[in-house]
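Undergrad: Got a structure for you, questions after.
The values are calculated or read from the model by the stated rules, or taken from the named source; none is laboratory data. Note that this is a predicted model, so its numbers are computed, not measured. Every residue, glycine among them, receives a Cβ derived from its backbone with ideal geometry; neighbour counts consider all protein chains shown. Surface areas here come from the heavy atoms of the whole protein model, side chains and all, with no ligands, DNA or RNA. Shrake-Rupley method; radii C 1.70, N 1.55, O 1.52, S 1.80 Å.
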Amino acid sequence: MQIKAEELKFVYGKGSSVSSHALNGVNLLVEEGEFYGIIGKTGSGKSTFIQHINGLLKVQKESGKIVVGEFDLTDKKCNFKNLRKKVGMVFQYPEYQLFAETVFDDVAFGIKNFMPETSSEHTTELVQQALELVGLDYDQIKDKSPFELSGGQKRRVAIAGVIVTKPEVLVLDEPVAGLDPKGKREFLTLLHSLNKSFVKTVIIVSHDMNVISENCTKVAVFKDGKVVLEGSPEQVYGGNDIIEVGLSKPVTQNLIDDLNKVGVKIDSGLSVESFTDSIARVFGGRK
Ligand code: ADP
Ligand code: MG
C-alpha cells in the first residue's frame, strides 16, 4: 500500500506557551515496494512524522492529511487497530521494550493484542515463523528470558514481536544505531530479506548516510518539519543541497566528487560495489 502525506502539520503542546511546531507541512509519497530512507538533523521532525504512519500520533485539526493504503487517518471512522496490524513500528533501541518472562510470550504479545481470536496452535506457528524469519532458532530461544540474550538477539526478538502479525509496512527509527559494523550488516540483510516476504515496504530513519545510500531506493530529507529534498540516493546526494541542509554525503559520493575534481568522471551508483565496478572500468582493471 501507498503512503501519502499532504501538508501534514503537527504541534506538540498545542495551545500551551511551550508549544513546538514539529511538522510544518510535510508532503511525501512512499510507493509500495520502496526501501525508503528518511534523514535530517536532530529535531527536524523525522520521529514525529513516522509516528503518524500508524496513527500513534493523530492528525491534528486542520493540519493536512495522511493516507496509508485504504486508511484515511483523518477520517473519524479510521480503524486504527487494523491499521497498526498492517503497519509495524519499531522504535529506537527496541530491545528496551522487551518485557515478558519468555521470548515466546514477548513475540506472542502482538497476536494477543491484534488478533485475539487466534488459536494457541496458530499462535505457536506464527511465533515460530516470526522468530525464524529474524534468524533465530525457535526451539533454542523460545523459553529463554529476553534479558539473558545478547544485544543483537534482543533486537531480533523485538522485530519478531512486530512482524508476527505480518505487517505490509515496516517502519524503523534508527534500526542500526548502536550496532557494530558486523551487526549493522547482518541487520540490514535481515531487513532486505523481510522486504522480500510479506513486508512490502520498509521505511527507515537513519543518521548513517552510508547505510541510507547503500540500502534505500528513495530518500527524503527533513528540515524544520518539512521535506526539502527527495529522490533516489544518487539524486539526493549528488548535488550540494544536502550539504546546505547540514548533512554529510556517503563515502562513495565524496570519492566520486573528489575524483570528478581531478578530472576523473565516473558513472557510478552509490553502493561500494557499484563504485568499485566503475573504478575498475575507468582504470581498466578486471573484475
Ligand atoms: P527528529 O526525530 O528528527 O530528531 P522529532 O520529531 O523528535 O525530530 O522532533 C521534532 C521537534 O519536536 C523538535 O523540535 C523536538 O524538540 C520536538 N518534540 C519532539 N517530541 C516532543 C515531545 N514529546 N514534546 C514536545 N516537543 C517534542
Ligand atoms: Mg528522532
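Undergrad: Let me have the relative contact order for the range 3-249, percent, based on Cα pairs under 8 Å that are six or more residues apart.
TA: Values: 459 pairs, mean separation 67.8, N = 247.
Relative CO of the range 3-249 lands at 27 percent.
Undergrad: Shifting gears a bit: Does the chain come out rounded, prolate or oblate by the C-alpha gyration tensor, with a ≥ b ≥ c the root eigenvalues, rounded set by a/c under 1.5 and, if not, prolate when a/b is larger than b/c and oblate if not? Don't skip to the end; give the middle numbers.
TA: On the way: a/c = 2.12, a/b = 1.25, b/c = 1.70.
Here the chain falls in the oblate category.
Undergrad: Quick check on packing: order 153-166, 181-194, 212-225 by the mean number of other C-beta atoms within 10 Å, highest mean leading.
TA: On the way: 153-166: 23.3, 181-194: 14.9, 212-225: 21.7.
Highest mean packing first, the order is 153-166, 212-225, 181-194.
Undergrad: Using a simple spin-label model with points 7 Å from Cα along the Cα→Cβ vector, what separation in nm is obtained for Lys65 and Glu132?
TA: Computed distance between label sites Lys65 and Glu132 equals 4.3 nm.
Undergrad: To continue, here is another question. Between Ala100 and Val262, 0.36 nm times their residue separation minus their Cα-Cα distance comes to what? Please report the intermediate quantities before stating the final value.
TA: Values: separation 162, 0.36 × 162 = 58.32 nm, distance 5.80 nm.
Taking Ala100 through Val262 to full extension adds about 52.5 nm, to one decimal.
Undergrad: Further question on the same structure: Please compare each pair in Lys85/Lys218; Lys46/Lys265; Lys58/Lys223 to a cut-off of 26 Å on the Cα-Cα distance and tell me which ones are over it. Each step should come with its number before you reach the end.
TA: Details: Lys85/Lys218 24 Å; Lys46/Lys265 35 Å; Lys58/Lys223 21 Å.
Flagged as over cut-off: Lys46/Lys265.
Undergrad: A follow-up question, please. Could you tell me the distance between the Cα centroids of the range 152-179 and the range 218-263, to the nearest Å?
TA: Here the two parts' Cα centres lie 27 Å apart.
Undergrad: P(r) for the range 199-287, please, calculated from all Cα pair distances in 10 Å bins and given in %.
TA: Spelled out per bin, shortest first, that is 16, 47, 27, 9, 1.
Undergrad: What dipole magnitude, in Debye to the nearest 20, does the range 3-249 give about its Cα centre under +1 on Lys/Arg Cβ and -1 on Asp/Glu Cβ? Numbers along the way, then the final one.
TA: Working: 30 positive and 33 negative charges, 141 e Å.
Charge dipole of the range 3-249: 680 debye, to the nearest 20.
Undergrad: Say the cut-off is 25 Å between C-alpha atoms; which of Lys65/Lys184; Lys4/Lys81; Lys14/Lys41; Lys144/Lys200 go over it? Can you show the working numbers first?
TA: Values: Lys65/Lys184 34 Å; Lys4/Lys81 19 Å; Lys14/Lys41 23 Å; Lys144/Lys200 31 Å.
Over 25 Å Cα-Cα: Lys65/Lys184; Lys144/Lys200.
Undergrad: Accessible area per residue for the chain in Å², computed with a 1.4 Å probe and the full protein assembly in place, what is it? Could the numbers behind the result be given before it?
TA: On the way: 14280 Å² over 287 residues.
Spelled out: the 1.4 Å probe surface of the chain, per residue, equals 50 Å².
Undergrad: Oh, and also: Round to a whole number: what % of the accessible area of the range 3-249 belongs to carbon and sulfur, probe 1.4 Å?
TA: Values: 5640 of 11560 Å².
Carbon-and-sulfur percentage of accessible area, whole number: 49.
Undergrad: Separate question: Given all pairs of different Cα atoms, what value in angstroms does the Kirkwood hydrodynamic radius of the range 19-150 take?
TA: For the range 19-150, inverting the mean 1/r across all distinct Cα pairs yields 17.4 Å.
Undergrad: Which log10 I(q)/I(0) values, to two decimals, does the range 129-287 give at q = 0.08, 0.16, 0.19, 0.20 Å⁻¹ under the Debye formula with one point per Cα?
TA: Debye curve over Cα of the range 129-287, log10 I(q)/I(0) at q = 0.08, 0.16, 0.19, 0.20 Å⁻¹: -0.31, -0.98, -1.18, -1.25.
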